[in-house]
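Note sheet for the following structure.
The values are calculated or read from the model by the stated rules, or taken from the named source; none is laboratory data. Values in this document were obtained by computation on a predicted structure and should not be read as measured data. Cβ sites come from the backbone with ideal geometry, for glycine too, and all protein chains shown count toward neighbours.
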Amino acid sequence: MTAAGGAEAEPAAHPGPRPGPDAGPDPDALLLRTVAAGDPQAFAAFYDRWAPRLFRYCSAHMGDREAAADTCQEVLIAAWRGAAGFAGRGSVAAWLFGIAHRRVADALRSAARRAGPAGPGDARWELDPAEHDPGAAGGHDIQAGGGADPVDPRDAMREAEVRLDVGAGLAQLPAAHREVLVLAYAFGLSCAEIAAATGVPEGTVKSRLHHARRGLAREVEGA
C-alpha cells in the first residue's frame, strides 16, 4: 500500500492488548485520528509530544545524533502518512516504536554496508528520560535557592556515575536484550507493547527481559 506521493505507508499497528471496559479513550489515539484528518495543528502537537522520545530511541541505537535526528524525522513523517492506517488495536506507543524499530534497523544496515558493523560500545545508551524529554519525570536542577528543592551536587554526581555504569553495561548486552530493556525501562512500554513494536512473541520478550536484567546486573556489579 502506498501513501500520497508514492511513499510506502507504514502497516497498521500489530494487535496489542485491548483496553478494559472501564478504560477511557486513549488521548494519543484521538490525537492521531485528528492527524489523519489532515489537521496541521494536531500534527504539530503530536510532533512535540513524541519527537523527544523517538529521538532518544534512535540516538541510543545509532550513536550518531545527526543520523538519529534524520531517522527520527523519517519516523514522524511515516507516522503522519500512515496515521489513517492506525487501527487502534494496540497502543500508539507500540505502533510508533515499531516504525522506529524498522527505520533504525534499515539505517544501521545501510551504515554497516558503507563502513562495516559497529562495535558494541559505539551506541550511546541513555536511560535518563529527562535528558531529551523535558516533560519526563526524574530531571533535577541544582539551584542556589528558591524554586524546587536544591539537589546536593554529590548526589547528582553519584546519579551520573550510575547512569554511566548502566550505559556501559547495556552496551555489552546482546542487541535483542538491550532493545527490550530500553523499551521497558527508558520508555515505559509493557511486554505486550514491546512485542507489538518488535514483532516477536510476548513470551520471547519476557524471556529476553529476564536475561537482560540479569546480564545488566552482572555488568554493573563488575564495573
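When the residues of region 196-216 are filtered to those that are in contact (Cβ under 8 Å) with a residue 40 or more places away in the chain and aliphatic (A, V, I, L, M), which remaining residue is nearest to Arg102 (Cα to Cα)? Talk me through it step by step, then tell me what you get.
Residues of region 196-216 in contact (Cβ under 8 Å) with a residue 40 or more places away in the chain: 196-199, 215-216.
Next cut, aliphatic (A, V, I, L, M) only: 196-197, 216.
Values: Ala196: 12, Ala197: 9, Leu216: 25 Å.
Once the filter is applied, the top-ranked residue is Ala197.
Answer yes if at least one residue in region 74-86 is assigned to a loop (DSSP other than H, G, I, E, B), modelled with pLDDT under 95, aromatic (Phe, Trp, Tyr) and on the phi < 0 side of the Ramachandran plot, and no otherwise.
Going residue by residue through region 74-86, those that are assigned to a loop (DSSP other than H, G, I, E, B) are 86.
The next check asks that each one be modelled with pLDDT under 95; those that pass are 86.
Add one more test, that the residue is aromatic (Phe, Trp, Tyr), and what stays is 86.
Within this subset, residues satisfying the condition of being on the phi < 0 side of the Ramachandran plot are 86.
Looking through region 74-86, at least one residue is assigned to a loop (DSSP other than H, G, I, E, B), modelled with pLDDT under 95, aromatic (Phe, Trp, Tyr) and on the phi < 0 side of the Ramachandran plot.
Could you tell me which of the residues Ala94, Ala37 is surrounded by fewer than 20 Cβ atoms within 10 Å (Cβ to Cβ) and either modelled with pLDDT of 90 or more or among the small types (Gly, Ala, Ser) (or both)?
Working: Ala94 fails: surrounded by fewer than 20 Cβ atoms within 10 Å (Cβ to Cβ).
Result of the check over Ala94, Ala37: Ala37.
Only one of (1) in a loop (DSSP other than H, G, I, E, B); (2) closer than 26 Å to Pro52 by Cβ; (3) at pLDDT below 90 fails for Leu189. Which number is that?
Against the list (1) in a loop (DSSP other than H, G, I, E, B); (2) closer than 26 Å to Pro52 by Cβ; (3) at pLDDT below 90, Leu189 comes up short only on (3).
If you take the residues of region 192-218 that are surrounded by 17 or more Cβ atoms within 10 Å (Cβ to Cβ) and over 20 Å from Val104 (Cβ atoms), which of them is modelled with the lowest pLDDT? Quick ask: steps written out before the conclusion?
We begin by selecting, within region 192-218, every residue surrounded by 17 or more Cβ atoms within 10 Å (Cβ to Cβ); these are 192-198, 205, 208-209, 212, 215-216.
Within this subset, residues satisfying the condition of being over 20 Å from Val104 (Cβ atoms) are 192, 215-216.
Working: Ala192: 94, Gly215: 85, Leu216: 82.
Ranking the candidates gives Leu216 first.
Tell me the residue from Leu76, Leu96 that is hydrophobic (A, V, I, L, M, F, W, C) and within 20 Å of Cys191 (Cα to Cα), please. Lay out the reasoning, then the answer.
On the way: Leu76 fails: within 20 Å of Cys191 (Cα to Cα).
Going through Leu76, Leu96 in turn, just one is hydrophobic (A, V, I, L, M, F, W, C) and within 20 Å of Cys191 (Cα to Cα): Leu96.
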